[in-house]
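First comes the structure, then the notes that go with it.
The values are calculated or read from the model by the stated rules, or taken from the named source; none is laboratory data. Owing to the predicted nature of the structure, the values given are computational and were not obtained by experimental measurement. Neighbour counts are summed over all protein chains in view; Cβ atoms, including those assigned to glycine, are modelled from backbone coordinates with ideal geometry.
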Amino acid sequence: MLTLTLMNHTFEIPCEAHERDKLIEAATLLEDKLDQLPGLKGESKVLMVALNLCFDYLQLKDDTTQYSLRLEDQLDNVINQVANEASTENTTN
């Protein structure tokens, strides 16, 4: 069980031992994001932070997908190059 306090609210979060550090890191990130919006209060502040975090998540997800596709293309190119070189060697021998 992990006890966290966010915006003067205490939460008891059931978690595995290996999840504790990541949850604490997440809570710290959330607190930092909340502190970046001093002009907003309460629900408006929480909703704006949630929107920003969701946007960041979707951007990162898109970037990761694009990176994975580029890696797959590069891997396909290397595989084709190796296959072509192997077939060229087989025809010359």
Handout entry: Residue count for region 8-33, restricted to those that are more than 13 Å from L53 (Cβ to Cβ) and either among the small types (G, A, S) or in the same structural domain as M48 (by TED's automatic domain parsing) (or both)
Key = 1
Handout entry: Count of region 31-80 residues which are in a helix (DSSP H, G or I) and either loosely packed, with under 11 Cβ neighbours inside 10 Å or β-branched (V, I, T) (or both)
Key = 33
Handout entry: Test set (1) in a helix (DSSP H, G or I); (2) modelled with pLDDT of 95 or more; (3) more than 16 Å from the chain's Cα centre (by Cα) - S87 fails condition number
Key = (2)
Practice task
Would you tally the residues in region 21-48 being within 21 Å of L2 (Cα to Cα) and among the acidic types (D, E)?
Solution key: 4
